[in-house]
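The values are calculated or read from the model by the stated rules, or taken from the named source; none is laboratory data. Since this is a predicted model, take the numbers as computed values, not measurements. Here the Cβ positions follow ideal geometry from the backbone for every residue, glycine too, while neighbour counts run over all protein chains shown. Heavy atoms of the whole protein, side chains included, go into the accessibility calculation; ligands, DNA and RNA do not. Shrake-Rupley method; radii C 1.70, N 1.55, O 1.52, S 1.80 Å.
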Amino acid sequence: MKVLVIGGGGREHAFAWKLAQSPKVQMVYVAPGNGGTALDARLQNISITDVVELRQWAQENRIGLTVVGPEGPLAAGVVDEFRQHGLRIFGPTKAAAQLESSKAFSKAFMRRHGIPTAEYATFSDPVTAHTYVQQMGAPIVVKADGLAAGKGVVVAMTLDEAHAAIDFMLMDNALGVSHNEGEDGRAVPRVVIEDFLEGEEASFMVMCDGKSVVPLATSQDHKRLLDGDQGPNTGGMGAYSPAPVVTPQVHARAMREIILPTLKGMEKDGIPYTGFLYAGLMVDAQGQVKALEFNCRMGDPETQPILMRLKSDFLDGLLAATEPGSGESFAQLELEWDRRTALGVVMAAQGYPLVPRKGDAIRGLPKEADDAMVFHAGTVMADGVVQTSGGRVLCVTALADGLRQVQQRAYQVLQGIEFEGMQYRTDIGHRGLKA
Ligand code: AMP
Ligand code: GLY
C-alpha cells in the first residue's frame, strides 16, 4: 500500500518513519515533508499543500491511506475533501475539528456535556471583557477563540496582563490570530476567559473511529522555552512517555470523565469524531482531572517519544480506525508499547519562538540507532546539505530503562549535533523525576 502523510514537522517525520516500518507499506509520501524525510530512502516528499491538489494527487497516485498531522489542513476541511471523493483518510472533519479550532465551541461543548473543565465566559465586546476580569481578579486565563499559532493563550498572573491580552486578541487583525465566523458568516473576534487551574499537566491522546476509542501511551510536554519552565510559551521544547502523573486512577478518570463523554457528545451532536484526539489535562493534588483544551491531532513533540515506544504496526492501527463498516476490529485493537521510557529534546533555532534564524548548516547528525532517532522539523535539504528552515529544528529522541537513563542517552546523542544559534533545554524530563 502507498500511504500519504500530510504535514512537514517532527510529528509527521515520526508518522512517516513508523509507517515505513510496516511490511505492508510500499512507499510513504510526505507533503510537504522536511530535510529528514528527504534523507530517508523509504520516504518521498511531495511539494503540495493545497487541500484540493492533495486530493487530486492522492487519486492519481492510488494512495491507500492518508494520515493528517497538523490542525491547519484539518480546519481547512482536508478530511471532508478526501472522503467526498472516496479516499481513505484518518482525521476529523472540519466540523469536528472545531474542538480545537474554536475555543468557544469546545468550551460550550464541554459545558453542555458535563465534561470537567475550568469555569469560563466568552466575549466579543472588549468593555464587558475588561469588566469581567476586573471582577474575577488575577490570576486568570485569556484565550483567543481562533487558531493562533501558539499566541492564543495568556495565563495572566496580573490584571494588567489580562487587560493587555484582551486588547490584543480582540483587535481586528491581531498578528497571527485568526477569527472564526459568526452567525452571519463574518469573522468575529472572540475571547474565552477562564479560571486559572493549578496542578500538573499531561497530554492524553487517543485514536477514534467515531464510536470507539483506543488510548495511546501517555506523555508530558515542556511548553516553556527555558530550563525550569521559565520564559515564553512555545509549541513544545521536549516530551517524554509515559508520564508518571497519569497513574492508573488518573487514566481511568480521564477516559471515563473526559474522553468517552466527548466521543458520545460529538456523536449526539451529529458530528462523530474520527482521528486522533488530544486532551490537555490538568491533574490536581487530589487526582481530579480537568480538560484544559482539546487538540484534534497528535501533539508535537509528544508524538516522537510516543511512536518510539509503539511496537504494534502503526498502519494496522490506522487501517482498523478507518475501516468502513462496523469498526469491530478497531474496538478490539490493543496497541503494544515498549516498557522502556522514551524522551525527546527539541533543538530550536536562534530567535524561536519569535523570528527564527534560518539557513544554517546542521553538522554531526548521527545515524539511526535502535535506541535513538533524530526526528527533523524545521530542516531542508539544500545542495546536499541539511539546513535549518524553521523554529523547531530537530527532536533528538531516545529510548532507555527509566527516565534518568533516557535523559542521559538523549543528551548524549544531542551533544554531537551542532548548528549556529541552536538552543535547547537541558532539563527535559525534570517533572517526571520530581514526581
Ligand atoms: P491551551 O492551548 O489551552 O492548552 O493553553 C496553553 C497552556 O496554557 C496550557 O498548556 C497550560 O499550561 C496553560 N493553561 C491553559 N488554560 C489554563 C488554565 N485554565 N489554568 C492554568 N493554565 C492554563
Ligand atoms: N505539544 C503541544 C501540542 O502539540 O499542542
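State all residues of the stretch 302-351 that are open to solvent by 30 Å² or more (accessible area, probe 1.4 Å) and aromatic (Phe, Trp, Tyr); if no residue qualifies, say none.
Residue satisfying the conditions is Trp337 alone.
Scan (1) open to solvent by 10 Å² or more (accessible area, probe 1.4 Å); (2) away from ligand 2 (no atom under 16 Å from the Cβ); (3) within 25 Å of Ala104 (Cβ to Cβ) for the single condition Pro244 breaks and write down its number.
Here Pro244 clears every test but (3).
Report the residue count in the stretch 89-128 for those that are among the small types (Gly, Ala, Ser) and more than 16 Å from ligand 1 (Cβ to nearest atom).
Summing the residues that are among the small types (Gly, Ala, Ser) and more than 16 Å from ligand 1 (Cβ to nearest atom) in the stretch 89-128 gives 5.
So Gly299 clears everything in (1) farther than 16 Å from Ala217 by Cβ; (2) open to solvent by less than 30 Å² (accessible area, probe 1.4 Å); (3) small (Gly, Ala, Ser) except one condition, right? Which one?
Result: Gly299 passes all but (1).
Among the helices (runs of 4 or more DSSP H) confined wholly to the stretch 45-161, which include 2 or more residues that are more than 16 Å from ligand 2 (Cβ to nearest atom) and buried (at least 17 other Cβ atoms within 10 Å of the Cβ)?
Working: elements: 51-60, 71-75, 78-84, 98-101, 103-112, 126-136.
The qualifying helices (runs of 4 or more DSSP H) are 51-60, 78-84, 103-112, 126-136.
Looking at the stretch 170-183, which of the residues that are at pLDDT 80 or above and assigned to a loop (DSSP other than H, G, I, E, B) is farthest from ligand 2 (Cβ to nearest atom)?
The residue in question is Leu170.
In contact (Cβ under 8 Å) with a residue 40 or more places away in the chain, within 14 Å of ligand 1 (Cβ to nearest atom) and open to solvent by 50 Å² or more (accessible area, probe 1.4 Å): is that true of Pro232 in this structure?
Yes.
Can you tell me which of Gly299, Gly344, Gly265 is away from ligand 2 (no atom under 16 Å from the Cβ) and touching a residue at least 12 places away in the same chain (Cβ under 8 Å)? Working first, answer last.
Values: Gly299 fails: away from ligand 2 (no atom under 16 Å from the Cβ); Gly344 fails: away from ligand 2 (no atom under 16 Å from the Cβ).
After applying the criteria, what remains is Gly265.
Considering every residue within the stretch 200-219, establish whether at least one is crowded, with 16+ Cβ neighbours inside 10 Å, within 15 Å of ligand 1 (Cβ to nearest atom) and over 23 Å from the mean Cα position of the chain (by Cα).
No: the stretch 200-219 contains no residue that is crowded, with 16+ Cβ neighbours inside 10 Å, within 15 Å of ligand 1 (Cβ to nearest atom) and over 23 Å from the mean Cα position of the chain (by Cα).
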